[in-house]
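> Encoded as structure tokens, here's the structure I'll be asking about.
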Amino acid sequence: MLPCNAAFLRLLFIHRRHHRWPLIFLLLCLILYLSVSGYLEEFLSWFLSIFYSTSSHVSAPRVLTVPIPPFLLSPASACSSPPFLLILVSSTPSHRDRRDAIRQTWGSLTSSTASSSLTLFVLAVPKSPDERAALMHEAVTHRDIIQANFTDSYRNLTLKTITGLTWALEKCHGAKYLLKTDDDVFVNTVFLTEFLRKGSGLQYMGRLHWHVSPSRDPDSRHYVSEELYGGNYFPPYCSGTGYILSHEAAARLLEQVRSGPWPAVEDVYVGILAQAAGITPRHVAKIAGSMSVPHSTCCYRTMFTSHGLTPKGMQEAWNMLKEADSHWCPSLALLYCRLFGQLVEKGGDGVH
Ligand SMILES: *[C@@H]1O[C@H](CO)[C@@H](O)[C@H](O)[C@H]1NC(C)=O
Ligand SMILES: *[C@@H]1O[C@H](CO)[C@@H](O)[C@H](O)[C@H]1NC(C)=O
């Protein structure tokens, strides 16, 4: 590698002037490739740890310092043989079709299958009694719903995440990794578990957002008042459409939870907790964040997550993936998927 680099640099700088341009062009192409594919950001995110003071952590009792509403539904038996990866899907009562699509597709893989993941939905209490009854029925049928006693609303999304993570640590502590995602996200669970098996230690990973300032417009969905967060910029955080926490990282994060109210933007709050806990977020290029990748086999094969799928799209993506074993994908697929992906406004789990 090194001699090769040296030769490359010599070519670049010592060669006669008019011979340099093709090389500079190649270099620019390389930089363009790395930045569009997300690898440059992935590389840069390693340096974030410089700004994070990893606390010399004394192993404290793992309890949430702030009481959260009690669980109404707790599918603890689903976790009797703990999965490697526990996937917590933030959902809302009216999204039955989306939950069913996930159950029939990537969420159908269980602890007993090769990927060893378990998918559970996190909800709160619907406002209407009819919806409450329907959800209860759904929970009895599928035994995959975690529910805590608070009103299901967009403003309570942060509490939903705290609830899900707390449930995971209390009732499913054998799970090595947690993935928090939404009900309009396609997850390539097999590929993601393979990736996670290579890692270890404290992990907080996803599609990183840097240098985002709080919205001070009270009419915005993402409004955060000065009282809730006074700074001009949030710390770097991973998009709520899909972030991964190792068990230990989730435990340390929850220790930092202070009493509410919390900013309604749950992913931002997780970033704030991570900073307080000294856990550096890491960018993962194959997590799409709010991006919806082109509806093609190679993208669902290449990416760990993709956002903004309808239940029908979810079904199609799953079928593509199932038939993809013999399908050849070029190594530039990631570049293609990111370049032609579309940003979809996050809000899949909100109340519309
Ligand atoms: C849930 O909360 C409601 C209102 O806050 C309360 O009336 C009810 O008793 C609670 N249910 C449980 C099981 O804690
Ligand atoms: C959040 O949940 C709590 C507890 O159920 C409830 O009192 C509050 O109104 C909810 N907030 C919103 C904005 O729905």
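The values are calculated or read from the model by the stated rules, or taken from the named source; none is laboratory data. Predicted model, so just to flag it, every value in this text is computed and none were measured. Don't worry about glycine lacking a Cβ; one is built from the backbone with ideal geometry, like all the others, and counts go over all protein chains shown.
> Quick check: anything in segment 294-304 of a type in the set (D, E, K, R), crowded, with 24+ Cβ neighbours inside 10 Å and assigned to a helix (DSSP H, G or I)? Give the derivation first.
Our first condition is that a residue be of a type in the set (D, E, K, R); within segment 294-304, this holds for 301.
With crowded, with 24+ Cβ neighbours inside 10 Å added as a condition, the list becomes none.
No.
> Taking ALA78 as the residue in question, decide whether it is of a type in the set (A, V, I, L, M) and either out of contact with any strand residue (DSSP E or B) (no Cβ under 9 Å at 6 or more places or on another chain) or surrounded by fewer than 21 Cβ atoms within 10 Å (Cβ to Cβ) (or both).
Details: of a type in the set (A, V, I, L, M): yes; either out of contact with any strand residue (DSSP E or B) (no Cβ under 9 Å at 6 or more places or on another chain) or surrounded by fewer than 21 Cβ atoms within 10 Å (Cβ to Cβ) (or both): no.
The answer is no for ALA78.
> State which residue pairs qualify: first residue more than 22 Å from TRP262 (Cβ to Cβ) and inside segment 66-81, second residue more than 12 Å from ligand 2 (Cβ to nearest atom) and small (Gly, Ala, Ser) in any location, beta carbons under 6 Å apart, and separation of 6 or more residues or different chains.
Between residues of segment 66-81 that are more than 22 Å from TRP262 (Cβ to Cβ) and residues that are more than 12 Å from ligand 2 (Cβ to nearest atom) and small (Gly, Ala, Ser), the close pairs are LEU73/ALA139; SER81/SER111.
> Next up: Here are some residues: GLY231, GLY242. Which one is touching a Leu at 6+ places or on another chain (Cβ under 7 Å) and modelled with pLDDT of 90 or more? Quick ask: steps written out before the conclusion?
Numbers: GLY231 fails: touching a Leu at 6+ places or on another chain (Cβ under 7 Å).
Of the residues listed, the single one that is touching a Leu at 6+ places or on another chain (Cβ under 7 Å) and modelled with pLDDT of 90 or more is GLY242.
> Now, a different point. Output the number of residues of segment 191-206 satisfying the condition of being at pLDDT 90 or above and either surrounded by fewer than 20 Cβ atoms within 10 Å (Cβ to Cβ) or more than 26 Å from ASP100 (Cβ to Cβ) (or both). I'd like the intermediate steps shown before the answer.
Pass one, segment 191-206, residues at pLDDT 90 or above: 191-198, 202-206.
Among the residues that remain, those that are also either surrounded by fewer than 20 Cβ atoms within 10 Å (Cβ to Cβ) or more than 26 Å from ASP100 (Cβ to Cβ) (or both) are: 191, 194-198, 202-205.
Number of matching residues: 10.
> Turning to a different aspect of this structure: Of everything in segment 109-128, what is at pLDDT 90 or above and either surrounded by fewer than 16 Cβ atoms within 10 Å (Cβ to Cβ) or not in a strand (DSSP E or B) (or both)? Give them in sequence order. Outline the logic, then answer.
Residues of segment 109-128 at pLDDT 90 or above: 117-128.
Correct list: PRO126, LYS127, SER128.
> Additional query: For segment 65-81, name all the residues that are assigned to a loop (DSSP other than H, G, I, E, B) and either within 16 Å of ligand 2 (Cβ to nearest atom) or under 12 Å from LEU120 (Cβ atoms) (or both).
VAL66, PRO67, ILE68, PRO69, PRO70, SER74, PRO75
> Only residues in segment 24-40 that are on the phi > 0 side of the Ramachandran plot and of a type in the set (Gly, Ala, Ser) count as the first member; pair them with residues that are surrounded by 11 or more Cβ atoms within 10 Å (Cβ to Cβ) and not in a helix (DSSP H, G or I), Cβ under 6 angstrom, at least 6 apart or cross-chain, and list the lot.
Matching pairs, first to second residue: GLY38/ALA285.
> Considering only segment 130-153, state which residues are of a type in the set (Asp, Glu), more than 16 Å from ligand 2 (Cβ to nearest atom) and either under 16 Å from ILE102 (Cα atoms) or surrounded by 15 or more Cβ atoms within 10 Å (Cβ to Cβ) (or both). If you could, list the steps in order and put the result at the bottom.
Just the residues of segment 130-153 that are of a type in the set (Asp, Glu), to begin with: 130-131, 138, 144, 152.
Then keep just the ones that are more than 16 Å from ligand 2 (Cβ to nearest atom); that gives 130, 138, 144.
GLU138, ASP144, listed by residue number.
> I'd like the residue in segment 21-55 that is of a type in the set (S, T, N, Q) and surrounded by 13 or more Cβ atoms within 10 Å (Cβ to Cβ) and, out of all such residues, is nearest to ARG282 (Cα to Cα). Walk me through it before giving the result.
Of segment 21-55, the ones of a type in the set (S, T, N, Q) are 35, 37, 45, 49, 53-55.
Remaining after also requiring surrounded by 13 or more Cβ atoms within 10 Å (Cβ to Cβ): 35, 37, 45, 49.
Values: SER35: 16, SER37: 15, SER45: 6, SER49: 9 Å.
Within segment 21-55, the match that is nearest to ARG282 (Cα to Cα) is SER45.
> Do you know which of the residues in segment 129-154 that are in a helix (DSSP H, G or I) and away from ligand 1 (no atom under 16 Å from the Cβ) is farthest from the chain's Cα centre (by Cα)?
Filtering segment 129-154 down to residues in a helix (DSSP H, G or I) leaves 129-142, 154.
Keeping just the survivors that are away from ligand 1 (no atom under 16 Å from the Cβ) gives 130, 134, 137-138, 140-142, 154.
Values: ASP130: 32, ALA134: 28, HIS137: 29, GLU138: 25, VAL140: 27, THR141: 27, HIS142: 24, TYR154: 18 Å.
Here the answer is ASP130.
> Pairs, please: C-beta under 8 Å, at least 6 apart or cross-chain, first residue part of a loop (DSSP other than H, G, I, E, B) and in segment 83-96, second aromatic (Phe, Trp, Tyr)?
Taking only residues 6 or more apart or on different chains, the pairs are PHE84/TYR177; SER91/PHE121.
> Something else: Taking the condition within 16 Å of ligand 2 (Cβ to nearest atom), among the β-branched types (Val, Ile, Thr) and either under 24 Å from GLN315 (Cα atoms) or at pLDDT below 95 (or both), does ILE102 pass?
Values: within 16 Å of ligand 2 (Cβ to nearest atom): no; among the β-branched types (Val, Ile, Thr): yes; either under 24 Å from GLN315 (Cα atoms) or at pLDDT below 95 (or both): yes.
No, not satisfied.
> Can you name the condition, by its number, that ALA175 falls short on among (1) part of a strand (DSSP E or B); (2) away from ligand 2 (no atom under 15 Å from the Cβ)?
The failed condition is (1).
> Also: Within the set of pairs 6+ apart or on separate chains, which have a first residue in segment 278-292 that is over 16 Å from THR189 (Cα atoms), a second that is among the β-branched types (Val, Ile, Thr) and buried (at least 22 other Cβ atoms within 10 Å of the Cβ), and C-beta atoms under 6 Å apart?
SER290/THR241
> When you check ILE162 against the structure, is it closer than 23 Å to SER77 by Cα and more than 16 Å from ligand 1 (Cβ to nearest atom), yes or no? If you could, list the steps in order and put the result at the bottom.
Values: closer than 23 Å to SER77 by Cα: yes; more than 16 Å from ligand 1 (Cβ to nearest atom): yes.
Criteria met by ILE162.
Quick grid of which residues meet (1) at pLDDT below 90; (2) within 20 Å of THR193 (Cα to Cα):
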site: LEU273; (1), (2): no, no
site: GLY278; (1), (2): no, no
site: MET314; (1), (2): no, yes
site: ALA317; (1), (2): no, yes
site: PRO330; (1), (2): yes, no
site: GLN342; (1), (2): yes, no
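> Return yes or no: is LEU34 within 23 Å of the chain's Cα centre (by Cα), more than 16 Å from ligand 2 (Cβ to nearest atom), part of a helix (DSSP H, G or I) and modelled with pLDDT of 90 or more? Show your work before the answer.
Details: within 23 Å of the chain's Cα centre (by Cα): yes; more than 16 Å from ligand 2 (Cβ to nearest atom): yes; part of a helix (DSSP H, G or I): yes; modelled with pLDDT of 90 or more: yes.
Spelling it out, LEU34 is indeed within 23 Å of the chain's Cα centre (by Cα), more than 16 Å from ligand 2 (Cβ to nearest atom), part of a helix (DSSP H, G or I) and modelled with pLDDT of 90 or more.
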